[in-house]
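What follows is a set of notes on a single structure, which appears directly below.
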Amino acid sequence: MNTTKKVLLINTHLTYPNWSEGLLNDAFHQKAKDFFLEKGFEVLETKVEDGYNADEEVEKHIEADIIILQTPINWFGAPWIYKKYVDEVFNSGLFSEKFLSGDGRTRDDVTKQYGTGGKMQGKKFMVCSTWNAPKASFNDPNQALFKGRSTTDVLIQITSNYRFCGAEVVPDYNCFDIFKDGDIAGDLENYPKHLETVFEL
């Protein structure tokens, strides 16, 4: 019996030629890949921009113990290709009942909550994202835009899909202020420490 742990790395960077080529997200993706290979994991990969088969992506999710989304934040969310990916992959997982069976509620037991019908228990999901926003714009009620919200709050439209299907969502990792005063080198260097901590490896 194969007991090798598996991680699925999803890179959803969308290339804009001569402006956003994806090198930073590729670097974080590679950093995670190297980390998990060193830990003895089998690494499954998907680069959304290169194309995918929704049913095959469902199987990758089923195989994986850990799932990481690598994404830039474009206009306060993942690129539109990721929403398309989610709609197609999670619909496949819904219709096949491999991701979930209903939304958790039943007419027989009104105490069962919405969002508790998932079948991905035991799996862990994390977002690693790159932002133009500075770190100081989060967790501060005096900031004009986010009004005290955290990155976790802002990323809820991404993480809720996985929580809805039963996966555990672990703390996100972020690279801030990438076009101005960010510490990209430091964020890349510290990324493996975050992975080791949140996945208890």
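The values are calculated or read from the model by the stated rules, or taken from the named source; none is laboratory data. The structure presented is a predicted model; accordingly, all values stated were derived computationally and were not measured. Neighbour counts are summed over all protein chains in view; Cβ atoms, including those assigned to glycine, are modelled from backbone coordinates with ideal geometry.
Hey, can you tell me all the residues within segment 147-186 that are part of a loop (DSSP other than H, G, I, E, B) and among the basic types (Lys, Arg)?
Listed by number, the residues that qualify are LYS147, ARG149, LYS180.
Would you confirm, using the coordinates I've provided, whether LEU69 is at pLDDT 95 or above and touching a Lys or Arg at 6+ places or on another chain (Cβ under 8 Å)?
Here the answer is no, as LEU69 does not meet what is asked.
Is at least one residue of segment 127-146 part of a strand (DSSP E or B), modelled with pLDDT of 85 or more and aromatic (Phe, Trp, Tyr)? Show your work before the answer.
Start the filter on segment 127-146 by keeping residues that are part of a strand (DSSP E or B), which leaves 127-130.
Pick out the ones that are also modelled with pLDDT of 85 or more and you get 127-130.
Narrowing the set further to residues that are aromatic (Phe, Trp, Tyr) leaves none.
No: segment 127-146 contains no residue that is part of a strand (DSSP E or B), modelled with pLDDT of 85 or more and aromatic (Phe, Trp, Tyr).
Of all residues in segment 47-77, which are farther than 13 Å from LYS6 by Cα, surrounded by 22 or more Cβ atoms within 10 Å (Cβ to Cβ) and touching a Leu at 6+ places or on another chain (Cβ under 7 Å)?
GLN70
Among the listed residues THR15, THR4, which satisfies the condition of being more than 15 Å from the chain's Cα centre (by Cα), at pLDDT below 95 and within 18 Å of LEU195 (Cβ to Cβ)?
Details: THR15 fails: within 18 Å of LEU195 (Cβ to Cβ).
Step by step, each of THR15, THR4 is checked, and only THR4 is more than 15 Å from the chain's Cα centre (by Cα), at pLDDT below 95 and within 18 Å of LEU195 (Cβ to Cβ).
Quick one: which of LYS47, LYS31, LYS60 is of a type outside the set (S, T, N, Q), farther than 17 Å from LYS124 by Cα and in contact with a strand residue (DSSP E or B) (Cβ under 6 Å, 6 or more places away or on another chain)?
Going through LYS47, LYS31, LYS60 in turn, the sole match is LYS47.
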